[in-house]
Amino acid sequence: MSPKQGQEPVAGTLYLVGTPIGHLGDLSPRAKALLSTVDVIACEDTRHSGQLLSSLNAHGKRLSFHQHNTRTRLPQLLALLAEDQSLAVISDAGLPGISDPGEELAAAARSAGHPVICVPGPCAATTALVSSGLPSGRFCFEGFLPAKGRDRNTRLKSIAQEARTSVLYEGPHRLLQLLEELEALCGGDRAIQVARELTKRHEQQIGPDIATAIQHFKAHRPQGEFTVVLGGAPPAPSEAPSQQELLSLLKARLNAGSSARDAARDVAQETGLSKRELYGLLHQQGSD
Ligand code: SAM
């Protein structure tokens, strides 16, 4: 049993609480217990979260907290923490702070010296990433791209060149445009998995490459929620060694006692160049 069980919520603490991204069964027992006992709940949308909170018999005071009232709300929420009230923040779905309100509040609460605790829950980015089958050891989260203009192009170019797997959020109305922009920069054969309606009844993964995903969404108008997982850029082909570098490799072998023929063979194996060409290079050097 966790040492924290039975002790939460702690006075004057900010809790970032993960809520489901579709499947209501994904609300953790800890999140349920915390939301039903915390003093104040800051919700991205009080009406949207109302049903969930009522089903938990959550009696805490509900306050709206979203991108349009962040500036006025932040000092009020910090004041509540300073009065030793326990405060939970939830977004419409998923983990607050990931493309959702929460990031600025967590930073402000930390700066003011209040404890900040995450009660983890589903996040579309990591859910899509791990089910994509694409490398997840190192990845980049890009969230929503700027809607248009130079900022969008700059981000797209850097994503196209990124060697790690990238994860992006996109709305249904702009999904096809995003896929076509990625195709222009990455080529149609770049690996991709487009996760649709994760954790919901009609969950789908569309891939395995950009061209196939475009074909699919041209035939099936994008509807629902999407998270795009793009495979990393393949490594750039290594530059061919210069003549000087080849001669150094050959001479190192001659100095170590190899014959010219063996030196050419070994360096050919190392560089993928032809043995004849390397032997010729040595010969030409010898006659210069
Ligand atoms: N904080 C949330 C999280 O932790 O996943 C993300 C919030 S962001 C405002 C909403 C975006 O997340 C959607 O537009 C979509 O790109 C992605 N998303 C959310 N739920 C999803 C789902 N069930 N399936 C696929 N993508 C989803």
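Brief remarks follow.
- Under 24 Å from the Cα of residue 61 - lysines, other chains or at least 8 residues apart: 4, 32
- Accessible area of the chain divided out per residue, in Å², using a probe of 1.4 angstrom: 55 Å²
- Cut-off 12 Å between beta-carbons: net charge of the residues surrounding residue 76, Lys and Arg +1, Asp and Glu -1: +2
- Estimated 222 nm signal from helices in the chain, with DSSP H stretches of n ≥ 4 weighted -39500 (n - 2.57), rounded to 500: -13000 deg cm²/dmol
- Largest accessible area first, the listed residues 30, 174 line up as 30, 174 when surface is computed with a 1.4 Å probe on the assembled protein chains.
- Accessible surface of the chain, 1.4 Å probe, proportion on carbon and sulfur as whole %: 50 percent
- Short to long, the 5 Å bins of the Cα pair-distance histogram for the range 140-288 hold 2, 9, 16, 15, 10, 6, 4, 6, 7, 8, 7, 6, 3, 1, 0, 0 percent of all pairs.
- Pairwise Cα distances in the chain exceed 34 Å in 44 percent of cases.
- Shape call, the range 1-64: gyration tensor on alpha carbons, a/c limit 1.5: oblate
- Between 0 and 90°, nearest 10: helix 275-287 axis offset from the chain longest Cα axis: 60 degrees
- The eigenvalues of the Cα gyration tensor, multiplied by 5 and square-rooted, give the range 14-122 an equivalent ellipsoid with semi-axes of 20, 14, 13 Å from largest to smallest.
- Computed from Cα positions, the angle between helix 175-186 and the longest principal axis of the chain comes to roughly 20 degrees.
- Peptide ranges 233-246, 83-96 listed from the most packed, as the mean C-beta count within 10 angstrom indicates: 83-96, 233-246
- Share, in percent, of DSSP beta bridges within the chain that are antiparallel, nearest 5: 45 percent
- Over the C-alpha trace of the range 243-287, radius of gyration and Dmax come out as 9.0, 25 angstrom.
- Only Lys, Arg (+1) and Asp, Glu (-1) charged, at Cβ; the chain dipole about Cα centre in debye: 160 debye
- Cα-based reach from residue 148 at 16 Å (exclusive), listing lysines while leaving out same-chain residues under 8 positions away: 157
- Shape call, the range 89-204: gyration tensor on alpha carbons, a/c limit 1.5: prolate
The values are calculated or read from the model by the stated rules, or taken from the named source; none is laboratory data. Only a predicted model underlies this, so the values are computations on that prediction, with no experimental measurement involved. Neighbour counts are summed over all protein chains in view; Cβ atoms, including those assigned to glycine, are modelled from backbone coordinates with ideal geometry. In case anyone asks, the SASA skips ligands and DNA or RNA and just uses the protein heavy atoms, side chains included. Shrake-Rupley method; radii C 1.70, N 1.55, O 1.52, S 1.80 Å.
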